[in-house]
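Structure, as structure tokens:
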Amino acid sequence: MSKNLLRKKFIKIRKKNYRVVDINYKFLKKIIKKNCISSNPIIGGYYPINSEMDCLEILKRFESENFKISLPAIKPDNKMDFLKWTHNQPLEVGKMGIPIPKNTQEIIPDIILVPLVAFDNKKNRLGYGGGFYDRYIRKIRETKKILTIGLAFSFQKVKKLNINKFDQKLDYIITES
């Protein structure tokens with residue numbers, strides 16, 4: 001099945017089966033502690049849209065433990081940066097209707113929580129097709145070690161994804177189960 005057809009199928013499945021779930025904070029923190037070289041890492045989260053797994057509560061929890069938090073902002077030419085954010089900071093609607101931090105600075109995360117449409121056993125990810133995360137992860141990996149963690153529902157798993165040379169494999173994928 002082509003990426004576009006698979007994407008449409010899984011967005012429909014995700015919308016139909018969406019539910020609010022708690023991400024296992026202790027488990028996520030354990031992964032971060034085990035794999036992160038920074039003692040005070042910056043976490044790049046995302047503002048959930050389109051029935052994506054909601055990570056806002058987990059970002060608040062990390063923030064309460066003095067982690068720095070950031071959210072992505074789409075730029076021209078299909079590029080993306082992360083902007084510093086706190087949960088009580090106002091957001092504005094950015095490109096593609098995605099909320100982004102207002103009046104803040106760009107920062108480079110050490111850990112990126114990545115939304116996805118589908119994934120496989122080899123930690124490959126299918127996104128929306130714009131390549132924003134793939135380009136960003138590739139660019140940052142050229143200059144520093146980062147930890148990438150996909151957040152998904154278990155029903156988003158497929159046997160195998162067709163990948164290309166631009167697709168970036170994630171370090172971990174965490175589901176509700």
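The values are calculated or read from the model by the stated rules, or taken from the named source; none is laboratory data. Please read all numbers here as calculations on a predicted model, not as lab measurements. Using ideal geometry, Cβ is built from the backbone for each residue, glycine included, and neighbour counts are taken over all protein chains shown. For accessibility, only protein heavy atoms count, side chains too; no ligands or nucleic acids. Shrake-Rupley method; radii C 1.70, N 1.55, O 1.52, S 1.80 Å.
Numerical summary
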| read-out | value |
| --- | --- |
| Qualifying residues in the range 76-123 (those that are part of a strand (DSSP E or B) and among the charged types (D, E, K, R)) - the one least open to solvent (accessible area, probe 1.4 Å) | D81 |
| Matching residues in the range 166-177 - criterion: being open to solvent by less than 80 Å² (accessible area, probe 1.4 Å), touching a helix residue (DSSP H, G or I) at 6+ places or on another chain (Cβ under 8 Å) and not hydroxyl-bearing (S, T, Y) | D167, Q168, D171, I174, E176 |
| Within the range 135-165, tally of residues that are surrounded by fewer than 16 Cβ atoms within 10 Å (Cβ to Cβ) and either within 14 Å of the chain's Cα centre (by Cα) or within 21 Å of A73 (Cβ to Cβ) (or both) | 6 |
| N66 vs. criteria part of a loop (DSSP other than H, G, I, E, B), of a type outside the set (K, R), out of contact with any helix residue (DSSP H, G or I) (no Cβ under 8 Å at 6 or more places or on another chain) and farther than 24 Å from V93 by Cα | yes |
| Residue check, S39 out of contact with any Pro (no Cβ under 9 Å at 6 or more places or on another chain), farther than 26 Å from R7 by Cβ and at pLDDT 90 or above | no |
| In the range 18-75, the residues that are open to solvent by less than 70 Å² (accessible area, probe 1.4 Å) and among the hydroxyl-bearing types (S, T, Y) | Y25, S38, Y46, S51, S70 |
